[in-house]
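> One structure follows; several queries about it will come next.
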Amino acid sequence: MTSHNLENVVLMLIAKGKGILAADETIPTLTKRFDTLGIRSTEQSRRTYREMLFTSPVASRGPADFISGAIMYDETIRQKSSAGTPLAKVLTVQGIVPGIKVDTGAKPLASSPNETITEGLDGLRDRLSEYHAMGARFAKWRAVIRITDALPSPACVSANAHALARYAALCQEQELVPIVEPEVLMDGSHTIERCEQVTGAVLHAVFHALFEQGVALEAMLLKPNMVIAGKECPRQASVEEVAIATLRCLRRHVPAAVPGIVFLSGGQSARLATAHLNAINRLPSPKPWKISFSYGRALQDPALEAWHGRDENLAAGQEALYRRASLNGAASVGKYTDEMEAASPGFDDPPHCRNWRDD
Ligand code: 13P
């Protein structure tokens, strides 16, 4: 039986006009991003950065206007704001649901070393219970699928689908909403058609595994990639083509019982990630689920660029996040326009961010 608590958390996460901020980079990944801008990565600077993202200089308006939930990393959920409040509580008091990344990373798959299997199931029940006690109400686990002419292998797809399903079942047992994230990477020269075929097969395997493990679809969210040509593909699809292929693929493979689909940005520019989300929401085909965002890079990059590690830029960083979140909030209801983008303060697509990778 599905818990009402879980379904209520889901409803908060997919509230109209809002999406999720993924701020769960591991220490090495965040350090690489800081390095690019010459920011020293310390426990303190990472704390300051996350506190900047989670708060606002203006009492009457803040990230909660467009952000329903924020995903933290283990270090972050244990940290306190400069005023001494646990960061999870800083989120909760604003009405933002605290979330936590619980996988321990993608490691080489033994039978196919060019592919990965996401680890973290050992001891997961106890870790989930601890995170729940610290205030987390949802969790994230990311599986990574690479496309080449020969990949993904069936072994990679089924092992990752199985791990995602076991994670999701454990989350629901421990009263956390699982975000199920099977990411088909944009790396490579594959066509949009190949991305659609692989994404469809992966989603099919994931929902089969979720069924096998008895996961309640009503009490989870799906975090997929959009259907998009590989970064090196000579023919890049238009915004409209991406929207049509993405919605077609999701309609074929995601059961209507799933309440919401929150996309990852996957290395798309901030503007393109917003434009794609908007175009998907504007398509006339029926959409049985809420469709919104759970972006990392596409929300954070402008804020990180504006902040640049300097205290005097904290308000500018918060303003950049607010702006990007508001544009994505508009896209989540199909109301984003080019004119809204035109009033840009100039931080939206920093060129050095384009090759940043997720872990
Ligand atoms: P990106 O939006 O940067 O892909 O990050 C989302 C995320 O949470 C990846 O796990």
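Rule-based calculations on the coordinates, nothing more; no lab input. For clarity, every value in this text was computed on a predicted model and none was experimentally measured. Methodologically, a virtual Cβ is constructed for each residue, glycine included, from the backbone with ideal geometry; neighbour enumeration extends over all protein chains shown.
> Pick from the range 94-121 the residues that are within 13 Å of the ligand (Cβ to nearest atom), in contact with a Phe, Trp or Tyr (Cβ under 8 Å, 6 or more places away or on another chain) and in a strand (DSSP E or B): which of them is nearest to PRO152 (Cα to Cα)?
Applying the filter and picking the extreme gives THR118.
> Still on this structure, I have one more. Kindly provide the set of residues from the range 303-325 that are part of a helix (DSSP H, G or I) and over 15 Å from ARG33 (Cβ atoms), ordered by number. I'd like the intermediate steps shown before the answer.
Here is the first cut: in the range 303-325, the residues part of a helix (DSSP H, G or I) are 303-307, 311-325.
Once the filter is applied, which keeps residues that are part of a helix (DSSP H, G or I) and over 15 Å from ARG33 (Cβ atoms), the range 303-325 yields ASP311, GLU312, ASN313, LEU314, ALA315, ALA316, GLN318, GLU319, TYR322, ARG323, ARG324, ALA325.
> Can you name the residue in the range 261-289 that is touching a Leu at 6+ places or on another chain (Cβ under 9 Å) and of a type in the set (Lys, Arg) and, of all such residues, is farthest from the ligand (Cβ to nearest atom)?
LYS287
> To continue, here is another question. Please work out if GLN300 is assigned to a loop (DSSP other than H, G, I, E, B), touching a residue at least 40 places away in the same chain (Cβ under 8 Å), buried (at least 22 other Cβ atoms within 10 Å of the Cβ) and within 12 Å of the ligand (Cβ to nearest atom).
Values: assigned to a loop (DSSP other than H, G, I, E, B): no; touching a residue at least 40 places away in the same chain (Cβ under 8 Å): yes; buried (at least 22 other Cβ atoms within 10 Å of the Cβ): yes; within 12 Å of the ligand (Cβ to nearest atom): yes.
Judged against the criteria, GLN300 is not a match.
> Of the residues in the range 34-60, how many are touching a residue at least 12 places away in the same chain (Cβ under 8 Å) and more than 24 Å from PHE138 (Cβ to Cβ)? Let's see the steps before the verdict.
As a first pass, look at the range 34-60 and keep what is touching a residue at least 12 places away in the same chain (Cβ under 8 Å): 34, 36-41, 43, 45-57.
Still in the list and also more than 24 Å from PHE138 (Cβ to Cβ): 34, 36-41, 43, 45, 48, 57.
The total comes to 11.
> Which numbered condition trips up GLU241, out of (1) in a loop (DSSP other than H, G, I, E, B); (2) closer than 18 Å to ASN281 by Cα?
Of the numbered conditions (1) in a loop (DSSP other than H, G, I, E, B); (2) closer than 18 Å to ASN281 by Cα, the odd one out for GLU241 is (1).
> Could you please give the count of residues in the range 164-211 that are under 25 Å from LEU11 (Cα atoms) and either of a type in the set (A, V, I, L, M, F, W, C) or within 16 Å of the ligand (Cβ to nearest atom) (or both)?
21
> Restricting the search to the range 104-145, which residues are surrounded by fewer than 21 Cβ atoms within 10 Å (Cβ to Cβ) and acidic (Asp, Glu)?
GLU119, ASP122, ASP126, GLU130, listed by residue number.
> Going through the range 245-257 one residue at a time, which ones are crowded, with 19+ Cβ neighbours inside 10 Å and either β-branched (Val, Ile, Thr) or part of a loop (DSSP other than H, G, I, E, B) (or both)? Write out each step before concluding.
The initial filter retains those residues of the range 245-257 that are crowded, with 19+ Cβ neighbours inside 10 Å, namely 245-247, 249-250, 254.
Selection gives THR246, VAL254.
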